[in-house]
1. Just to be sure I understand: with springs between alpha-carbon atoms less than 10 Å apart, which residue in D:37, D:168, D:204 has the highest mean-square fluctuation in the Gaussian network model of chain D?
2. Please report the relative contact order for chain B, taking Cα pairs under 8 Å with a sequence separation of at least 6, and give it as a percent rounded to a whole number.
3. Could you tell me which residue in chain B puts its beta carbon nearest the axis mapping B onto A, with the distance rounded to whole Å?
4. Cα gyration tensor of the protein assembly as shown, axes a ≥ b ≥ c as square roots of the eigenvalues: rounded (a/c below 1.5), prolate (a/b > b/c) or oblate?
5. Quick one: net charge around residue B:291, please, counting Lys, Arg +1 and Asp, Glu -1 for every other residue with C-beta under 12 Å from its C-beta.
6. For residue D:168, which sequence-distant residues (separation of 5 or more, or a different chain) have an amide H within less than 5 Å of its own amide H, given hydrogens modelled in the peptide plane?
7. Can you give me the P(r) profile for segment B:142-300? Cα pairs, bins 5 angstrom wide beginning at 0, each as a whole percent.
8. Compute the whole-percent fraction of alpha carbon pairs in segment D:67-120 spaced more than 14 Å apart.
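Where a number appears in this text, it was derived from the coordinates with a stated rule and is not lab data. Bear in mind that the values here come from a model prediction, so they are computed numbers and not experimental data. Cβ sites come from the backbone with ideal geometry, for glycine too, and all protein chains shown count toward neighbours.
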Amino acid sequence: MTVNEYQKVAPSVVTAYVSSQEGRPDTATRVALYRSMVRLRYLEKRAHDLFLQGLVKGTSHLGLGQEAIAAAFGTAMRKGDYTFATYRGHNHALARGVSMTSVMGELMGRSCGLMAGKGGSMHLTSVEHGMMGSYAIVGAHLTIANGAAFSSKYRGTGEVTVCFFGDGTTNIGAFHEAVNLAAVWQLPVVFVCENNLYMEYTSIFDVTPVENPAADRAAAYGLESIVVDGNDADAMYATAVTALDNARSGRGPSLIEAKTYRHGGHSRADPGKYRPDEELQAWLARDPVITYRARLVEAGVGVQELDLIEEAALKEVDRATEESRNSPPPDPSLLMKDVFADGGATWRS
Amino acid sequence: MTVNEYQKVAPSVVTAYVSSQEGRPDTATRVALYRSMVRLRYLEKRAHDLFLQGLVKGTSHLGLGQEAIAAAFGTAMRKGDYTFATYRGHNHALARGVSMTSVMGELMGRSCGLMAGKGGSMHLTSVEHGMMGSYAIVGAHLTIANGAAFSSKYRGTGEVTVCFFGDGTTNIGAFHEAVNLAAVWQLPVVFVCENNLYMEYTSIFDVTPVENPAADRAAAYGLESIVVDGNDADAMYATAVTALDNARSGRGPSLIEAKTYRHGGHSRADPGKYRPDEELQAWLARDPVITYRARLVEAGVGVQELDLIEEAALKEVDRATEESRNSPPPDPSLLMKDVFADGGATWRS
Amino acid sequence: MALLTYREAVARGIAQEMDRDSSVVLIGEDIGAAGGVFKATVGLYERFGPKRVLDTPISEQAILGAAMGAAMTGLRPIAEIMFSDFFAVCWDLVANEIAKTRYMTNGQVTLPLVIRSGNGGGVRFGAQHSQSIENWAMAIPGVKVVAPSSVADVIGLMAASVRDPDPVLFFEHKALYAAKEDVPDGEIVGELGRAKVIREGSDVTIVALAAMVPKAVAAAEMLAGQGIHATVIDLRSLIPLDVATVADSVARTGHLVTVEENPRALGWGAELSSIIAEENVFDLDGPIVRVTTPHVPLPAADSLEDLAIPSPERIIDGVRRSLA
Amino acid sequence: MALLTYREAVARGIAQEMDRDSSVVLIGEDIGAAGGVFKATVGLYERFGPKRVLDTPISEQAILGAAMGAAMTGLRPIAEIMFSDFFAVCWDLVANEIAKTRYMTNGQVTLPLVIRSGNGGGVRFGAQHSQSIENWAMAIPGVKVVAPSSVADVIGLMAASVRDPDPVLFFEHKALYAAKEDVPDGEIVGELGRAKVIREGSDVTIVALAAMVPKAVAAAEMLAGQGIHATVIDLRSLIPLDVATVADSVARTGHLVTVEENPRALGWGAELSSIIAEENVFDLDGPIVRVTTPHVPLPAADSLEDLAIPSPERIIDGVRRSLA
Ligand SMILES: Cc1ncc(C[n+]2csc(CCOP(=O)(O)OP(=O)(O)O)c2C)c(N)n1
Ligand SMILES: Cc1ncc(C[n+]2csc(CCOP(=O)(O)OP(=O)(O)O)c2C)c(N)n1
Ligand SMILES: [Mg+2]
Ligand SMILES: [Mg+2]
């Protein structure tokens, strides 16, 4: 199959990956998954609006279309587990319980932001929620995730570390070093490749010699090859549960490739025009939030319950927007704070 | 098989890799292979002696025991082809036709050295012989080799680039990036992993999650898995011919794993005591030079012919030693020469 | 004459050299059909095709290695490292390989290559996408370091860099990509290692680079209104470093102020200051003052980033300290 | 008292801290049973076992990433980068991640970790295994930078580094590993950011670091024979930088000479010189002179390497230029 052929048929190919019948979550969990996805979706849409209004400065990378992956792990992970994400990390922060206000405030560079504006959208971090950081240099955080996993193993405290990254990341050296060391040290870490088919503006197929950029590399580290439909919250959840359990039980790391698609461009400045329209349409038809809603309704979940979830999420987003708009810019004194652990920036006497 | 079990049986396992009956070189070529191996062997032994006499300064990394690999490629490559090697590169320089005096002179920091002492033993380079450098930072030169291969492809000039490195190198990021890009760009490059079972002082098996550190990664780049007995000059030669031909004919890169063993320590300061004695003995019994001599004699090559080859090599080494000893240290003016292409080191006006 | 942006000038400079010399090729991430994330290579793929404009995987080490190997064997590659912060993932190729190979091989290997990169802050990208790392490069013997401030210089210095037989790190300033200027038609070729005196004044010498040049000029204009007349010098390249032009000016003004976007410790101003303090100390009538970003990572929030990067006001303050 | 080598002091310093604090672990290549390629970790594997002394693949990015992630979550790792030149393959972890994370997270993340490395030349290892890269680190806001010259300081500053809540880059000098000194028994704990006045003299202040300290002392002794009395200061750390001790001394001597092993451009002497030239210019009675390796890669041949690295003779010459 050539690259273009593959891309055209991708949605149906992807559907074939699913094996969501087994290990399907119970109804309460499925509702929780839906709630989580809706929250992520609404926040990202609002972030886009605020960008258009000039209120989100700098850059930002939306996870619209990729919600099922973050929601599934966020739901399956335990308190105390560690998340490492990329610049495309809003979803992952929210899915671990970080408040919308602190995420949105950070995007807007306000003092209510998670890091009071010092980090920005690409570096969302909330240690309190196990959100150990969002990293903007491709590849690095896979190596850092290993360190957290090593620490858990050393301390015997049983946390699992989950590290999210994109398809393009599989071609950088740090990916290789990190997955390899995790395998050698048998670390309790789960590497999750969100394969959205594109790097920034270039198709991953144009610059990668294998079809599944993560899964086809798993054997190089003695790991199992795992491909999952990243737009199917049930399949993602089952996969997450298994991988987390393996890690927690001392059976070592996993490398998971979740096939998905971003609805928008790479970052705020990008209209994403390089993508064939039919490809985009096919993937929009597989929207993880919309299709999951339909699935839940079909499974007997009440429409009102789902409506209420959506309304609550919308209210939460509105409130977060309001709070962030009203939040002042960071205090100027922050410029010279917290370079060092004494709270300051003094480097000479 | 556990690591230790593997190491113990390694020699016999390795023997099983050989498929040297097909593509066996003709007698003239086999004699040339023997001559090349003997030259490398004698020079390395002398380098060791000179180090004991305090004449080789700094560090040096001998290729004793690994001669078959360099000799096979050196014999199979064409004039104009490019070699990239590591700090363990004396063999590779000699095998491309670099004179013993200029190699030995470089080890001794004399002006007759290949780079007049400015590079040292770890950086042997002779552009004239296609010896495009020896590199001392693990991994980097695989990426540089790609550039030479790309250049040949771009210019349409048909050279093949061959890049040698060790087993330990397969775990660093640059390895991943380089082999991957070579596969994506279908470059005329041959990557040759000389798996001598050890990094510096640590067994490769202790820090690698697969059994064949290079070959088991080939599939990650869509490449064929190739393992060859690196102590068998015939097998190496046949493998080299095939890979060079594939590259030259536009069939893209190869990744070859040659199983071998270094007879001494990692570098001059290392007695290599971390290696089990039985392992060392088993590999010494598979000495590529001694076993090949026996094989040639069995195949009907005259003992006198082989004796003459050895005598000639010894004379060459003696002469090189003499010339290097008598060569003055580099002219002090070289300190400030050739930082830039104007020949100087001026960085300010 | 044509009104060009700084980002268009990058593409024009490259096109000029690719037209002239078929050994020039372009290598990088998203530089082809996408035209680069800063849109600085727009049109080159269409014009020169996929054989000469090559998209790569996200593999910065592989990019620079490919550039180096190609330069060793007859090509003149231009490699892109998208944001200069990413030099940190491939610094080995710059610091240990590209910079040292000519010397280590006793002159056998020549490396005519250019590595261009989006450098600097002011665009609210946060600490990992805003650094001014031209100083990292300056510290490595064996590379040349160029950082143009004007649209015309982008073309001229790009041409000079491509034609230079040595490896050149070419820092394009992200905050200047949208800047516009009229530039002459036809071939433009500059010269490396020659600073440009942008305005002359007898009271103080202000030396700046890249995005700090317009700020220094703004400060000088404000100072003129207060009766203080400043010479403003655009260094244009750090290696070669045009000390002579600076020293000449200091000999006349007696006062030196450097304006650096980089964090304080070991910015290029330190080197310049130490040279003047060693060789021209008796020309000085006051302290050499360095205006820099404080020694902190760059914050993302606009309000904080604006506080961090030198402003005309802070430059004026620096001048006053030197004159005091 | 015990007569110890510098390399033994490394192991003793680490052992002292591992004994005290079970959150201290050691990560690196060949550091376990092999005891490290410089034999600076001999005995630690036997004493603390494979759970606390971990050999890694040749994966410097993975090493530093592991150290960082472990430090974020309660451990106090000591990572080894075998030769400091190899920082170039993992500089991203230092410059972009470890140094910036506390700041970017508004203080949420604390990174108590040490990265130790064999640094410097004089051992004929050639350009890729001999660099003095403490300056690369000094240019990055957010890390501390330590480089001991004496055996006792190795222990004391190692202890201080391990106990420090911030990331510390700890540069051991390869040419000093065999140096021997008597050191007291029992716990030794030093302090970061305090320079040491090694000898006092009223004519000139010579500031040095690591392997340049014994050379500066040798020069001072020779100068004393010629009636010139030098103060010699061992900086011991670059970040924090003890400017006060240097400035005090310059206020007395009126002359400053820095002795750096690094190539000239942007060595730490430039920063120190620029600080004095800005803040203490009126204390100076002559130019600030920097004695450095020329701005070239280091050659391998012994005769050339000896010419490159500052010698007592070149230091004396520098002093004479400052006093002239
Ligand atoms: C080392 C490095 N190189 C390049 C970049 C620029 N960059 C940022 S995101 C990106 C694409 C990443 O693609 P992928 O891993 O698929 O993640 P996605 O954005 O699709 O989620 C690139 C090239 C970077 N941040 N770091
Ligand atoms: C990036 C980097 N890390 C570490 C080293 C130190 N080092 C030099 S050789 C070596 C072992 C390499 O092992 P291998 O690749 O198997 O090659 P061999 O020496 O066995 O030929 C190491 C760790 C280095 N030179 N570069
Ligand atoms: Mg992607
Ligand atoms: Mg090996």
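1. Of D:37, D:168, D:204, the most mobile in the Gaussian network model is D:37.
2. 23 percent
3. Spelled out, residue of B and its Cβ distance from the axis onto A: B:173, 1.
4. Judged from the Cα gyration tensor, the protein assembly as shown comes out rounded (a/c under 1.5).
5. -3
6. HN-HN under 5 Å from residue D:168: D:113, D:114, D:115, D:144.
7. The calculated distribution, bin by bin, is 2, 9, 17, 19, 17, 15, 11, 7, 3, 1, 0.
8. 55 percent
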